[in-house]
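One structure below.
Values in this text are rule-based calculations from the coordinates and carry no lab data. Computed from a predicted structure; not experimentally measured. Note: ideal-geometry Cβ built from the backbone for every residue, glycine included; neighbour counts use all protein chains shown.
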Amino acid sequence: MTPPLLSITGKKNSGKTTLVVRLADALTRRGVRVMTIKHGSHTFNMDPVNTDTYRHYHEGQAERVAMISPDKFALVVRWEQPRTPEQIAAEHMADADIVLCEGFKATELPKVEIFRRAAYDAPLYDAALPNASAWRAMVSDGVVDGLPFPLFRLDQDGWLDQLATWVEQTFLARRR
């Protein structure tokens, strides 16, 4: 079974990672089992050049490389076709209460946009976007007029607690 997925979107340097981290922490403190997926548009390496696992993957061309330590496990899988966040969550995160996804702005995943006027003049959200119905809420450092969904204001006390409550009510009520 695929857990609910919620995408945290926004323009570059808008605060997506900070919002994912803060929301994940707030939900975890409430007893929610949170897992995350980070979208990357370029390839990545989980470990530095010349480590054993790097060599297994790059020199040995292993299809999968697992690194196991006393307190962590990491798996790097080589694939030919990109996988969706829904596929990754179903295959590897089915026991999560919710999966917070950073990015994936062009998908149909339900979205919370972080928009800070300190960084940009306008949000990503536009009612004319083909996936505009995927937007469910916005977090902003000021007023954003005409939104058809909730706005959580960074400049108001309690915004994170209000957002966490909204996430629980909107995405977790049926799972519990």
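Could you work out how far apart the two model spin labels at Leu151 and Thr170 are, taking each label as a point 7 Å from the Cα in the direction of the beta carbon, and quote it in nm?
My value for the distance between the label points is 1.5 nm.
Once amide H atoms are placed 1.01 Å from N in the peptide plane, what residues at a sequence separation of 5 or more from Ser7, or on another chain, have their amide H within under 5 Å of its amide H?
Residues meeting the amide H criterion: Cys101, Lys111, Val112.
Would you mind checking the radius of gyration and Dmax of the chain based on alpha-carbon positions, in Å?
18.0, 55
Under a point spin-label approximation (7 Å from Cα along Cα-to-Cβ), what is the Asn131-Lys38 distance to one decimal in nm?
For Asn131 paired with Lys38, the spin-label model returns 2.0 nm.
Exposed loop GluC sites (Glu not before Pro) only (DSSP loop, at most 16 other Cβ atoms within 10 Å): please give the longest stretch of the chain free of them, not including the sites.
Counting at most 16 other Cβ atoms within 10 Å as exposed, the longest clean stretch of the chain is 109-176.
Cα centroids of the stretch 63-85 and the stretch 134-161: how far apart, whole angstrom?
First find each Cα centre; the distance between them is then 35 Å.
Would you mind calculating the gained length between Ser69 and Arg55 on full extension (0.36 nm times residue separation, minus the Cα-Cα distance), in nm to one decimal?
Additional length available on full extension: 3.3 nm.
Of all DSSP beta bridges located in the chain, what percent are antiparallel, nearest 5?
Among the beta bridges of the chain, antiparallel pairing accounts for roughly 20 percent.
As an exercise, use a Förster radius of 30 Å and the Cβ-Cβ distance of Glu108 and Val143 to find the FRET efficiency, rounded to the nearest 0.05.
Here the calculated transfer efficiency is 0.60.
May I ask you to list the chymotrypsin sites (Phe, Trp or Tyr not before Pro) in the stretch 68-140 that are in a DSSP loop and have at most 12 other Cβ atoms within 10 Å of their Cβ?
Those satisfying the criteria are Trp79.
For the ranges 11-17, 127-133, what's the packing order if you count other beta-carbon atoms within 10 Å of each residue, average per peptide, and put the highest first?
My ranking of the peptides, most packed first, is 11-17, 127-133.
Using only helices, what value at 222 nm comes out for the chain when you add -39,500 (n - 2.57) per DSSP H run of length 4 or more and divide by the total residues, to the nearest 500 deg cm²/dmol?
That comes out to -6000 deg cm²/dmol.
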